[in-house]
Amino acid sequence: MSRRSFSILKRLITHRPNTSHLLSSQRSVTYMPRPGDGAPRPVTLIPGDGIGPLVTGAVEQVMEAMHAPVHFEKYEVHGDMKQVPQEVLDSIRKNKVCLKGGLMTPVGGGVSSLNMQLRKELDLYASLVNCFNLPGLPTRHENVDIVVIRENTEGEYSGLEHEVVPGVVESLKVITKFCSERIAKYAFEYAYLNGRKKVTAVHKANIMKLADGLFLESCREVATKYPGIKYNEIIVDNCCMQLVSKPEQFDVMVTPNLYGNLVANTAAGIAGGTGVMPGGNAGAGYAVFEQGASAGNVGNTNLVERKRANPIALLLSSAMMLRHLQFPSFADRLETAVKHVIADGKYRTKDLGGDSTTQQVVDAVIAALD
């Protein structure tokens, strides 16, 4: 190399511009969602019981106002039916997506839950509930953004029980490695694709050493394949205490069936109430979207008669559905409008401190659509 060339190279190295601040502000893209083709999608709609028709009707109105590329196939299903009608299952299998209101489950009497029937028939093995603070909605804790991912097909909640002899009932808790591994994979994959930093496994392996021990073993094995995501474990009773005292420490939580139901409802109450938390149930082939936390108010006749049910949770669930159907711009518009209405505070139902009707909230959301 000539002396002149060496001198030029030295000056370039010495005086090159400092771009470290640019590099540090850039984010590497590891996942790009596949764009949709824009074709309208059929969606099975189950209005359900009690407030269900009110809140699903709210979703229908907003979808129509947005000109969202979905059309609903509506079926009447009620919690007192002995089983989900075959035509409804056929519709969901054909459309692969369903939106549903709450279904009342009779307490006792040996009547099977239709919600559980749906999960088992369609193998909807993952329940996802997103519990987060909404700007403008006051809560005791801030910075809450928890995703509870719960195994949906086995464990105590699956209803495997029988009367051994009169006065003695046996309830079975079945935990398998297959189901534990696939829910753990779902949780870690969700965390990876959504930029989440930590997955917490909730368990009671100190007592149920074999059943919950198998669940933990499966989570630990899957965690080794995601070194970029922090993994930790917490006993379910301590988890509940930590949730109500310091919920911001949690990110993604993966749980067996029963614990997940309790944890999701607790987290929902902390973040603003069950009326605003979206959720859904997913499997390898199908997805059913509904209010995220327990629809305990589904049979509230006062809400039905006065038409004051809160539609926010199902509207946000329908935004999740739109994103699942690969219509992200429609999902963003809907979420933005809902958050604007909550932040504005003028139209809120009673559970959020207001006195608005369902229709007033719907009208406000439609007016806020950009």
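The values are calculated or read from the model by the stated rules, or taken from the named source; none is laboratory data. These numbers were taken from a predicted model, which means no experiment stands behind them. Backbone-built Cβ (ideal geometry, glycine too); neighbour counts: all protein chains shown.
Here the stretch 319-346 is the region considered, the condition is being of a type in the set (Asp, Glu) and exposed (fewer than 15 other Cβ atoms within 10 Å of the Cβ), and the residue that is farthest from the chain's Cα centre (by Cα) is Asp344. Taking the criterion of being within 21 Å of Ala313 (Cβ to Cβ) and either small (Gly, Ala, Ser) or not assigned by TED's automatic domain parsing to the domain that holds Leu325 (or both), the residues of the stretch 58-92 that qualify are Ala58, Ala65, Ala68, Gly79. Against the test of being outside the structural domain of Val144 (by TED's automatic domain parsing) and touching a residue at least 12 places away in the same chain (Cβ under 8 Å), the options Asn257, Asn261, Asn265, Asn281 yield a single qualifying residue, Asn281.
Could you tell me which residue of the stretch 154-172 is nearest to Thr266 (Cα to Cα), considering only residues that are in contact with a helix residue (DSSP H, G or I) (Cβ under 9 Å, 6 or more places away or on another chain) and surrounded by fewer than 18 Cβ atoms within 10 Å (Cβ to Cβ)? Ranking the qualifying residues of the stretch 154-172, first place goes to Gly159.
State yes or no: is Val202 buried (at least 21 other Cβ atoms within 10 Å of the Cβ), under 21 Å from Gly292 (Cα atoms) and not assigned by TED's automatic domain parsing to the domain that holds Ala293? Yes; evaluated as a whole, the condition is true for this residue.
Pairing residues of the stretch 226-244 that are more than 15 Å from Lys198 (Cα to Cα) with residues that are exposed (fewer than 14 other Cβ atoms within 10 Å of the Cβ) and not β-branched (Val, Ile, Thr), at Cβ distances under 8 Å and at least 6 apart in sequence or on separate chains, gives Ile235/Asn206. Taken over the stretch 90-105, the criterion of being under 23 Å from Gly275 (Cβ atoms) and without any contact (Cβ under 8 Å) to a residue 12 or more places away in the chain is satisfied by no residue. Taking the stretch 322-370 as the range and being hydrophobic (A, V, I, L, M, F, W, C) and in contact with a Leu (Cβ under 6 Å, 6 or more places away or on another chain) as the test, the residues that pass are Phe330, Ala331, Ala337, Val338, Ile342.
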